[in-house]
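Below is one structure, written out as structure tokens; the observations come after it.
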Amino acid sequence: MTEKSPHLTIIEEESVNMVRFSDRKILEELSIREIEDELFALVSSTPAIKLLLNFTNVEHLSSAALGMLINLKKEVEGKKGKLKLSNINPQIYEVFKITRLSKHFDIHEQSADAINSFS
Amino acid sequence: MTPVDPHNIDLPKDDEFKVIEIQSTLTEAKQPESVILKEIESSGYDEDSTFAIKLALEEAMTNAVRHGNSGDASKKVRVRYVVDSQRVVICVRDEGQGFCPDEIPDPTTPDRLSLPCGRGIMLIRAYMNKVEYREDGREICMTKFNPGNV
């Protein structure tokens, strides 16, 4: 099943909700707020969600977007779900490393590995 | 010949800067970025440097609008910049109260790692070669050297 919004495509695969971003740059506050609203709605409508954020095609990420991901992780875990990230390009992975968030999040190189690791 | 230490190069003189002044809104804040990035693209900077400058400018503009000017759209943000083949210098000034950058807590300590804010300045410092605060913290001046030309 695939759902599409202006910012996100959500694919359900092996009981995992995989989200792909339409925006190459996740920088601006307004679009970050819209993405956050959509993801929070998905989390609250899916009990114990297995949520994978696939960053293929995302080229830029701001500190505000990192803040949104931190809030999302808290929300997912508060509802007994799991959040994983995958397909993060090397430049953006460096942003996670500098901020030490590479250890805070469960990050996989490829989405297939991330999906397998949910079970 | 003694190699030049890029960190000891002074900021350009005031009259060397180009200036863009915008109203303090997040929509207007995009304007300097598009102008400055065009100059960077035509000045021979690699992909990593362009990524770094874009990220730092985005964070500095957001800080100026949200924190410096406290979201007051009647205030202004003044961006001064110099782009040449050796370095990019960008200064962003708001009309707020200023702040002491040394008092900003480290967002990577275990007790702060799960907080959603406070990483902008850290990213600017990590990605730019030189960062200075002026005007009691109301202006940040960021320098990125062109690794191909220093």
With angles folded into 0 to 90 degrees, how steeply does helix B:30-41 sit against the dominant principal axis of chain B? Use alpha carbons for both and round to 10.
20
By accessible area of protein heavy atoms, probe 1.4 Å, what ranking do A:33, B:93 get, highest first?
A:33, B:93
Chains A and B: how much accessible area gets covered up at their contact, both sides added, probe 1.4 Å, in Å² to the nearest hundred?
2000
So how do B:81, A:93, B:133 rank on accessible area, 1.4 Å probe, biggest first, that is with the largest at the start?
A:93, B:133, B:81
Computed magnitude of the charge dipole of chain B (debye, nearest 20; Cβ of K, R +1, Cβ of D, E -1)
220
Alpha-carbon Rg with Dmax, taken over chain B, Å:
15.5, 52
Under a point-charge model restricted to the Cβ atoms of Lys and Arg (+1) and Asp and Glu (-1), what is the dipole moment magnitude of the stretch B:67-141 relative to its Cα centre, in debye to the nearest 20?
320
Note on chain B: contact order normalised by length, alpha-carbon pairs under 8 Å, 6 or more apart, percent, works out to 28
Ignoring ligands and nucleic acids, what accessible area does residue B:122 show with a 1.4 Å probe (Å², nearest 10)?
50
Give the ranking of A:75, A:28, B:58 by solvent-accessible surface, highest area first, calculated with a 1.4 Å probe.
A:28, A:75, B:58
Placing +1 on each Lys and Arg Cβ and -1 on each Asp and Glu Cβ in the stretch A:2-118, then taking the dipole about the Cα centre, the residue among A:98, A:6, A:22 whose Cα reaches farthest towards the positive end is A:98
I want to verify a result. In a Gaussian network model of chain B, Cα cutoff 10 Å, which of these has the top mean-square fluctuation: B:52, B:64, B:126?
B:126
Considering only lysines 8 or more places apart in sequence, or on different chains, count the pairs in the stretch A:24-93 whose C-alpha atoms sit under 19 Å apart.
10
Over 10 Å intervals from 0, what percent of Cα-Cα pairs in chain A sits in each interval?
14, 51, 33, 2
If you put +1 on each Lys and Arg Cβ and -1 on each Asp and Glu Cβ, how big is the dipole of the stretch A:2-118 around its Cα centre, in Debye rounded to 20?
380
CD proxy at 222 nm, helix term only [per DSSP H run n ≥ 4: -39500 (n - 2.57); per residue of chain B; nearest 500]
-7500 deg cm²/dmol
Checking the cross-link filter: which lysines have an alpha carbon closer than 18 Å to that of residue B:18, excluding same-chain neighbours under 8 positions apart?
B:30, B:38, B:54, B:76, B:144
Mean residue ellipticity at 222 nm from the helices of chain A, using -39,500 (n - 2.57) per DSSP H segment of n ≥ 4 over the full residue count, to the nearest 500 deg cm²/dmol?
-13000 deg cm²/dmol
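The values are calculated or read from the model by the stated rules, or taken from the named source; none is laboratory data. Source: prediction; values computed, not measured. Glycine also receives a Cβ, built like all others from the backbone with ideal geometry; neighbour counts cover every protein chain displayed. Accessible surface is based on the protein model in full, side chains and every heavy atom, while ligands, DNA and RNA are left aside. Shrake-Rupley method; radii C 1.70, N 1.55, O 1.52, S 1.80 Å.
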